[in-house]
Each structure stands twice: as structure tokens, then as C-alpha cells.
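Step one of this worksheet: look at the structure below.
No lab work stands behind these numbers, since they all come straight from the coordinates. All figures in this text were calculated on a predicted structure; none of them were measured in a lab. Backbone-built Cβ (ideal geometry, glycine too); neighbour counts: all protein chains shown.
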Amino acid sequence: MNRLSALINNIRDLMQGDLTADSVVPPSGYTANLTTFTAGAMAFLAVFALALSLATGRLADRWSDELARTTTIRISAPEGQMQAQLDAVINVLNTTSGIESSSVMSDEAQRRLLEPWFGPDLPIETLPIPRLVEVIEKDSGPDMEGLRLRLSAEAPGAVLDDHTRWRRPLVNAAQRLRTLGTFSILLIMGATAAMITLAAQSALAANGQVISVLRLVGARDVYIARAFVRRFTVRALLGAAVGTGLGMVAMVFLPSAAEEGAFLTGLGFQGWHWLIPALIPPLAAIVAFWATRGAALRALARIS
């Protein structure tokens, strides 16, 4: 309770301020500009790091969900046996529980599927290309091992692909990119703390004579440090607010998510995720508070 009361009192004193103590810190100068610019620039970068992490996660989750309910059966057989094996596959699928629907992919659909690799003029009707059957699963899904056994017995030329090898890299990529985004935000916070610490130390060194006079009249180091903490915390909060606002404006002008799932067309925020960047300015203020407080107390201990 005593620590909580002390923390509440410190926050209240920080917000109310002390005009006499605030005069110790110069209201302008390169330290003020450095603190504000650093907080704004880092907040701007944090918005993009956060947007990249969230957008990548959304894209990977969407691909994984779509592939999780989709299964493809590839049928390779001589021309005279293709239709018989195709009918056998459809019969197996119609009598298998856990399958919502199945459809044979048309030649035109297969041509569009192969077009990015072979061009639009691929003579698909003259090539021995396997026939594809797209299967949409129910939420429970079928028994994959049992389905494989039935297909191998009734349609030897059919190969079941449940897209497991596609889903696993997507999930791994999403986890790594989310981790990278979190690590980037932590680096941004660390860089912000380092720059604000340097600015606070510079301001303390520039006001060494004023600090000595304040000590002579009875001012304690905590009283002097509080002035620096409040001033630099407010500067960091304002700079981060401006940087976050500019980052949000930049997000608005990015291309919206495309139906094709293109990675570079969905980097903005969606839904309630637009509220998350509002946490950046308070976090910047908290970082500035502790960085300035530690730097001020250490610097005051060295000033004789």
C-alpha cells in the first residue's frame, strides 16, 4: 500500500508540476527538439512495425484457415481410365462423412491455375495434365487416413493432398514475423529511452550551476530530478502523439487488402486494431519517465 500510494503521489505531482522546479529545465533548446523529434520518429516507426506484424498475422491466418478446410485430390491415369477413376473418387467422397462438397476442376480453372507459370496459351487439352478434385470439408473434417486407404483401393491413381505442408510454413512464418514485430517495437522503445537519457544528461550538465545554487538553498535531488522528469515526459508524450498521428494518416493511404491476398495490399489496420496505436504515446511517456528519472538521479549524484 505504501508503494502504491507513493506511485500515485508521484504521478499526481508529475501531472501537476512545479513552476519553480520547472524553471530548472530550459523550455527550449536542442534537448527539447531532440526529445520531441526522437519520440515522434520512434512512434511513427512503431506504428508501421505494429501494422506489419498484425497484417502478416491476418494474412497467414486467413490462408491457413482456407487451406485447413480445403483438400485437393490429384488423379493421374491413362486417358482411357481417367473417367473411371474420376467417377470412383467422386463416389468415395459422396459416401465419406465430414465432407461438405466436392467438385471437379474444369479445364478453364486449371488453365488459370497454371497460367502464372506457363502463360495464357497453354494447350491444356493436349497435355497429360492430372485432373484435380477440390474438396470442401466440414468443421469436423473427414478421417484423412481412412479416406487415403479408400482412395488407394478404389482409385489407385488418386493422390490426396490435405495441404498440411502448406499450412505449417504459413503458421511458422506468422509466428516468426509476429516475434520480429514485437522485437522491433522493443528495439524502438530501447532506442527512445537511450536518446531521451542522453538529452536529459545534456540538460543536467548544461544547468550544473543552477543545480548547485538550488542545493545551496536546500533543494533535494529528488525535487530537482522531478522537474526534469516531468518536462521530458511531457515532451516525449507530445512527440509520440504527433508521430503516432502521422503514422495513422500514412496507414489510411496504404492500399487496402486485395481479394487475391497479395501481401503488400493489406498492411493497414482493420477493425478494433485501429485502437492499438493509441497505446504508443502513453508507452513512450512511461519509457521517458523511467529513463529521465534514472538519468537525472545518476547525474545529480555525480554533480558535486
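Here are the numbers:
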| quantity | calculated |
| --- | --- |
| Potential extension, ARG298-ALA191 segment - 0.36 nm per residue separation minus Cα distance | 36.6 nm |
| For region 181-255, the Rg and Dmax computed from alpha carbons only, in angstrom | 17.4, 61 |
| Alpha-carbon gyration tensor eigenvalues x 5, square-rooted, for region 77-156, Å | 26, 16, 9 |
| Euclidean distance of C-alpha centroids, region 166-235 and region 28-59, integer Å | 14 Å |
| Distance in nm between pseudo-label sites at MET82 and ALA173 (7 Å out along the Cβ direction from Cα) | 3.2 nm |
| Rounded FRET efficiency, nearest 0.05, which uses the C-beta distance separating LEU180 from ILE129 and R0 of 45 Å | 0.70 |
| Unit charges on C-beta of K, R, D, E only; dipole of region 137-188, Debye | 360 debye |
